[in-house]
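The values are calculated or read from the model by the stated rules, or taken from the named source; none is laboratory data. Just so it is clear, the model here is predicted, and its values are computed rather than measured. Every residue, glycine among them, receives a Cβ derived from its backbone with ideal geometry; neighbour counts consider all protein chains shown.
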Amino acid sequence: MPVRVILDTDTGVDDALAILLAMRSPEIRVEAITGVCGNTPLENCIRNIHLTLSVLDARVTPVVAPGEDRPLVRELAYAGEIHGDDGLGGVTSQVDADGRRTYPDPVQRPSTVHAADLIPDLAGRYPGELVLVAVGPLTNVARAVMKDPDRMRGLREIIIMGGAFETGGNVSPVAEFNIHADPHAAQIVCDSGIPLVFVPLDVTRQAFLDAGTIDHFAAEAGARAVFVRDCTARYVAFHRQNRGVNGCFLHDPLAVAVAAREDLVTTVPARVDVETAGDLTTGMTVSDLRSDRWGEPNARVCTAVDVQAFTTLFEERVLA
Ligand code: RIB
Ligand code: CA
């Protein structure tokens with residue numbers, strides 16, 4: 001029986017790849033995709049979700065619901081330099097030789113139900129069954145916890161792409177983007193009592209997609225691989241210039257893969273909190289993975305990943 005999943009996303013480039021992986025994983029039934037501001041403004045995020053789903057040309061698509069368009073407390077800070085001004089690597093302005101949009105705006109419209117209402121509704125409908133995979137800032141999740149804590153505790157678990165535990169951050173020496181974008185929301189989620197699994201930079205930086213692999217499948221496979229090549233072109237260029245690698249990190253697809261195949265990762269129990277006020281450390285996931293002396297564990301943190309198994313799974317399901 002596939003696991004029921006809600007994917008909460010700030011659809012940027014790796015989020016789009018995560019959507020493709022979720023929709024093409026037989027272990028997962030995507031009940032809904034909820035959008036949140038983060039990499040890009042909320043309206044781009046919603047469009048990008050629909051555009052990515054249209055690439056799949058799937059018979060049945062999940063409900064798409066809009067969420068929060070700003071963090072709980074902090075100022076908005078998009079990541080256009082990484083994901084493009086449209087959040088999808090610029091593909092929304094890409095044209096073919098005949099001058100027509102390669103990826104026209106999707107005609108689908110999102111649900112009128114807000115993510116912070118939809119998520120608890122589904123958690124209440126499927127108690128103990130539903131897994132929430134959060135691959136953007138946790139603003140929607142925190143709003144849902146504040147609105148309806150009891151039904152949210154009906155979630156089987158929340159898998160969070162976020163944090164940096166025994167490695168450096170990517171938006172500061174100590175903070176990872178999703179947590180840093182809304183640290184107050186992240187702390188609310190840490191205090192929620194819902195089972196949490198963190199998929200942090202410690203493991204997502206090992207989830208690497210090589211530029212040569214992208215080009216190979218784009219030349220040999222079909223439209224899905226061509227879309228991956230098109231939407232990752234700038235994302236790869238950013239990684240080349242700023243991360244010194246010829247490819248890109250698959251942060252969000254790894255979080256989805258954990259929902260499908262938790263055997264791909266090793267986890268340790270830990271107490272996790274989030275710095276919300278430090279001048280230098282805001283957004284830091286504060287935890288000691290070596291011991292539980294600092295409090296009862298509220299999460300499991302991924303500390304290792306079977307890189308080859310993940311890479312094969314991603315290539316077979318998203319690119320081939
Ligand atoms: O730090 C990586 C995370 O920030 C990913 O979810 C990426 O999409 C960005 O949102
Ligand atoms: Ca994301």
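For ARG205, work out the one condition from (1) crowded, with 24+ Cβ neighbours inside 10 Å; (2) within 12 Å of ligand 1 (Cβ to nearest atom) it doesn't fulfil. Against the list (1) crowded, with 24+ Cβ neighbours inside 10 Å; (2) within 12 Å of ligand 1 (Cβ to nearest atom), ARG205 comes up short only on (1). Of all the numbered requirements in (1) β-branched (Val, Ile, Thr); (2) more than 12 Å from ligand 1 (Cβ to nearest atom); (3) touching a residue at least 12 places away in the same chain (Cβ under 8 Å), VAL226 misses one, and that requirement is (3).
Can you tell me which of VAL135, VAL141, VAL113, VAL171 is surrounded by fewer than 22 Cβ atoms within 10 Å (Cβ to Cβ), within 19 Å of PRO41 (Cα to Cα) and within 16 Å of ligand 1 (Cβ to nearest atom)? I'd like the intermediate steps shown before the answer.
On the way: VAL135 fails: surrounded by fewer than 22 Cβ atoms within 10 Å (Cβ to Cβ); VAL141 fails: surrounded by fewer than 22 Cβ atoms within 10 Å (Cβ to Cβ); VAL113 fails: within 16 Å of ligand 1 (Cβ to nearest atom).
Matching residue, one of VAL135, VAL141, VAL113, VAL171: VAL171.
Can you find even one residue in region 94-110 that is touching a helix residue (DSSP H, G or I) at 6+ places or on another chain (Cβ under 7 Å) and among the aromatic types (Phe, Trp, Tyr)? Yes.
Scanning region 63-109 for residues that are in a loop (DSSP other than H, G, I, E, B), touching a strand residue (DSSP E or B) at 6+ places or on another chain (Cβ under 9 Å) and hydroxyl-bearing (Ser, Thr, Tyr) yields a single hit, THR102. Considering VAL307, VAL301, the condition of being crowded, with 19+ Cβ neighbours inside 10 Å and at pLDDT 95 or above is satisfied by VAL301 alone.
ASP57 meets all of the listed conditions (1) out of contact with any strand residue (DSSP E or B) (no Cβ under 9 Å at 6 or more places or on another chain); (2) of a type outside the set (Gly, Ala, Ser); (3) modelled with pLDDT of 95 or more but one, namely (3). Taking helices (runs of 4 or more DSSP H) as the structural unit, those lying wholly within region 185-303 and holding at least 1 residues that are within 19 Å of the chain's Cα centre (by Cα) correspond to 201-204, 223-243, 251-260. Filter region 231-281 for residues that are farther than 21 Å from ASP85 by Cβ and of a type in the set (Gly, Ala, Ser) and give the result. Within region 231-281, GLY244, GLY247, ALA255, ALA257, ALA259, ALA260, ALA270, ALA277, GLY278 meet the criteria. Within region 1-48, the only residue that satisfies the criterion of being farther than 17 Å from ALA65 by Cα, within 9 Å of ligand 2 (Cβ to nearest atom) and of a type in the set (D, E, K, R) is ASP14.
I'd like to know if region 251-273 contains one or more residues that are within 16 Å of ligand 2 (Cβ to nearest atom), closer than 30 Å to LEU20 by Cα, acidic (Asp, Glu) and surrounded by 15 or more Cβ atoms within 10 Å (Cβ to Cβ). Quick ask: steps written out before the conclusion?
Taking region 251-273 first, the residues within 16 Å of ligand 2 (Cβ to nearest atom) are 251-259.
Still in the list and also closer than 30 Å to LEU20 by Cα: 251-259.
If we keep only those that are acidic (Asp, Glu) as well, we get 252.
So of that shortlist, the ones also surrounded by 15 or more Cβ atoms within 10 Å (Cβ to Cβ) come out as 252.
Yes, because at least one residue in region 251-273 is within 16 Å of ligand 2 (Cβ to nearest atom), closer than 30 Å to LEU20 by Cα, acidic (Asp, Glu) and surrounded by 15 or more Cβ atoms within 10 Å (Cβ to Cβ).
If the condition is being in contact (Cβ under 8 Å) with a residue 24 or more places away in the chain and surrounded by 14 or more Cβ atoms within 10 Å (Cβ to Cβ), then region 274-298 contributes VAL274, GLU275, THR276, THR281, THR282, GLY283, MET284, THR285, SER287, LEU289, PRO297, ASN298. Scanning region 145-182 for residues being away from ligand 2 (no atom under 16 Å from the Cβ) and either basic (Lys, Arg) or not in a loop (DSSP other than H, G, I, E, B) (or both) gives a total of 10.
When PRO149 is tested against (1) in contact with a Leu (Cβ under 8 Å, 6 or more places away or on another chain); (2) away from ligand 1 (no atom under 12 Å from the Cβ); (3) of a type outside the set (Val, Ile, Thr); (4) over 18 Å from THR282 (Cβ atoms), just one condition goes unmet, and that condition is (1).
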